[in-house]
Amino acid sequence: MPSKKLLTGALLCSLVSLSVSACSSASPAIDAGSKPATSPSLVTTDPKIIDPLPGLRLPIQEYIETNEQAQRATQARLNLVDNCLESMHVKFKPTPVSGSTPPSLMAGRYGPVNQDQARYGYHFMVVIGGPGTATRKEPPASAKSAVEKCSEEAVEKVPSLEDKGLPDEIKQTSYIKSIMSPKAVSAFNRWSQCMSTAGYSYKSPMDAMRDPRWNWKSGSPSHEEISTARRDVQCKQNTGVVNAWFRAEADLQESDINQRKRDLDGIRKQIEKRAQVAREILKEHSA
């Protein structure tokens, strides 16, 4: 169990802004350290870009808080902190939770999957993972002690989710294993043949994303990158890559879930409890 001090630090961070999608949505397709530079003009809330596969839901998502649940839990904590500070006559208001819609877990998992994403080339990962614009509000020295006290109390009432990283571990492992699964490999071969008719020699969609020609130091894609991404999407759609890849990954996750069912059921109960507590606090605050 993390110390109260650590939990307080985590809450103080969440008082700035809520970012629940960076780890959940981005796939390991692009090597760490090769992330494209952020271009503020690319950040979007277009559902075709941040939630391109609304009909697909991986089994492990049953054990991961939704973006809405995480936002509501953070907002409940903020309300508690606000009320606490007000009762102590401290004039400081933490940064509110962003009202923007974070990207879904599937937003970039299989690379670009529609032409709306492809118009950004492979830099569409900037669009779905761009940082928020909120600036952290640091409490003045005179209010710091009160903010810490109120934060600790808020964490006690809306406890942090203690999942020991298990859902993320299953999610990451299934992605890596799915790339080598017969279902996905067969689909990748069909995709590769489709790409070859347009002059490309990639063996898999990951190769296209990792092409060293793409300038990740730039916030904008080249015309060649955009053309490649558009063909990539077309071939994915023509050869059924996304459905085959998803099915392969879902099968792997179901196997892992069955092996860790007791632990995962405990995590789901935590999620349900946090959601219930958050609902009650928000309802009371709005009354």
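Observations
- Amide H partners (placed H, <5 Å) of Asn215, local residues excluded: Ser222
- Karplus-based coupling profile of region 214-226, in residue order and whole Hz: 6, 8, 6, 7, 9, x, 10, x, 7, 4, 5, 5, 5, with θ = phi - 60° in 6.51 cos²θ - 1.76 cosθ + 1.60 and x standing for Gly or Pro.
- Among the GluC sites (Glu not before Pro) in region 162-240, those placed in a DSSP loop whose Cβ has at most 16 other Cβ atoms within 10 Å are Glu162.
- Ranked by the mean number of other Cβ atoms within 10 Å of their residues, highest first, the peptides 226-232, 172-178 fall in the order 226-232, 172-178.
- Across region 83-96, computed HN-Hα scalar couplings (Karplus, 6.51 cos²θ - 1.76 cosθ + 1.60, θ = phi - 60°) run 5, 5, 5, 5, 5, 9, 6, 9, 8, 8, 10, x, 4, x Hz from first to last residue, x flagging Gly and Pro.
- Spatially proximal lysines relative to Lys183 (Cα-Cα < 20 Å; intrachain offsets below 8 disregarded): Lys171, Lys203, Lys236
Throughout, read-outs are computed from the coordinates displayed, never taken from laboratory work. None of these values were measured; they are calculated from a predicted model. For neighbour counting, all protein chains shown are included, and Cβ atoms are generated from backbone atoms with ideal geometry for every residue, glycine included.
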